[in-house]
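Shown next, in structure tokens, is the structure this report addresses.
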């Protein structure tokens with residue numbers, strides 16, 4: 001079980017600071033920010049986008065405004081004076097807090113001034129109304145129940161279909177990960193001292209939420225909870241696992257991180273029936289049983305007892321065989337040499353293996369390989385179908401707009417102009 005979250009990592013933002021503008025990591029305007037409005041797309045969204053010449057045409061018709069619209073309220077400033085410290089290289093790190101963020105839930109950052117400035121330019125701060133529905137569980141489709149020998153869990157109270165929102169939450173803070181190293185570059189102990197300050201400056205209710213989070217090791221009350229619960233996100237952090245969503249190696253839901261609103265949301269990855277426990281995977285599900293157990297023990301401090309891990313040895317063996325099959329098929333489908341064995345039949349076999357193994361939260365990978373493979377032999381119709389499914393199912397897991405997802409959108413827009421078109425046809 002993992003409790004409500006805490007802090008997120010600023011590593012990715014920090015690593016891009018010197019070479020890439022933060023705007024380069026924001027959603028592409030060419031995609032109309034559709035995925036910011038709905039974390040999980042469906043084919044209707046895709047077709048609306050492809051059949052329109054502008055984002056306005058892809059959205060519902062609106063009456064012309066007669067009066068000047070009221071500008072949105074903003075929270076783009078810190079509510080406490082930054083507390084700063086320089087390291088040996090004279091690089092400055094500060095604690096920044098905005099107690100009004102997300103309707104007074106608050107958020108703290110332990111980062112550099114330049115990154116803090118970029119964070120304030122994000123929609124999460126310039127248009128706080130985007131977060132009005134976050135952290136609101138009044139009409140939630142779930143309830144908390146006790147699980148004998150396991151603690152608490154989240155259970156569906158009504159039927160949920162793939163893509164349905166289960167909950168959305170905002171983080172309590174974000175940090176630069178080297179604050180956790182033995183020598184963070186600050187004076188001895190100052191890195192951890194400043195992390196504690198990120199907690200102390202939050203509203204009292206949020207502090208209580210933080211201290212109620214799970215930890216599997218003794219030590220500093222702040223640091224150990226961050227180590228147990230932190231989620232790595234982009235653009236100033238933002239991810240968060242949620243209160244009492246348990247792990248499952250074959251989960252029925254997936255999480256999505258919005259890099260611009262810093263909201264972390266969980267969506268159903270398949271149909272979830274009333275009374276069924278809602279689960280996510282804390283780790284990469286595309287691993288063999290031994291690797292999954294090692295990762296969960298190392299990073300989360302528990303031995304998994306989900307239905308897959310508790311199954312008879314024969315089922316473990318069969319599952320690992322499916323994982324071997326996925327690795328082999330993806331290796332073959334990634335081979336673009338003239339002697340490659342890749343065919344649409346192999347691609348369909350890959351998608352089927354994902355389905356057979358119950359890997360609903362990452363099946364977009366299988367559809368992506370199928371889209372490339374069909375397009376490579378000139379079957380545009382099937383390439384379009386699989387690319388659509390890849391986009392439709394790819395808004396969980398990492399939640400970021402990665403290169404593969406951008407590639408799928410490019411194929412949907414212009415299959416014959418895509419780099420993969422007729423790539424496997426020999427003339």
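Stretching the chain fully between residue 126 and residue 84 yields a gain of 12.7 nm (0.36 nm per residue, less the alpha carbon separation). Computed from label points 7 Å out along Cα-Cβ, the spacing between residue 207 and residue 320 is 4.9 nm.
Which shape class applies to region 313-417: rounded if a/c is under 1.5, otherwise prolate when a/b exceeds b/c and oblate if not, where a ≥ b ≥ c are the square roots of the Cα gyration tensor eigenvalues?
oblate
The ranking of 114, 361 by Cβ neighbour count inside 10 Å, starting from the fewest, reads 114, 361.
As a rough guide to protection, the peptides 403-412, 327-336 ranked by mean Cβ packing within 10 Å, highest first, stand as 403-412, 327-336. Using C-alpha pairs below 8 Å separated by at least 6 residues, the relative contact order for region 313-417 is 20 percent. Quick check for you: which residues of region 93-119 have the amide N under 20 Å from the point 7 Å beyond the Cα of residue 77 toward its beta carbon? Under cut-off, by backbone N: 95-109, 113-119.
Site pair residue 117 and residue 273 shows an inter-label distance of 5.7 nm when each label is modelled 7 Å from Cα along Cα→Cβ. Segment residue 288..residue 200, full-extension length gain: 27.6 nm, with 0.36 nm per residue of separation and the alpha-carbon distance subtracted. Remark: spin-label model distance residue 422-residue 91 equals 4.9 nm, labels positioned 7 Å along the Cα→Cβ axis.
Each peptide in 156-164, 144-152, 198-206 was scored by the mean count of other Cβ atoms within 10 Å over its residues; highest first, the order is 198-206, 156-164, 144-152.
Under the shape rule built on the C-alpha gyration tensor, where the axes satisfy a ≥ b ≥ c, region 240-399 is oblate, since a/c reaches at least 1.5 while a/b does not exceed b/c.
In this calculation the C-beta distance from residue 295 to residue 138 is compared with R0 = 45 Å, giving a FRET efficiency of 0.80. What the Cβ-Cβ distance of residue 403 and residue 302 gives, at R0 = 30 Å and to the nearest 0.05, is a FRET efficiency of 0.35.
The numbers here are math on the coordinates, done by the rules we state, and not lab data. Bear in mind the structure is a predicted one, so any value in this text is a computation, not a measurement. Backbone-built Cβ (ideal geometry, glycine too); neighbour counts: all protein chains shown.
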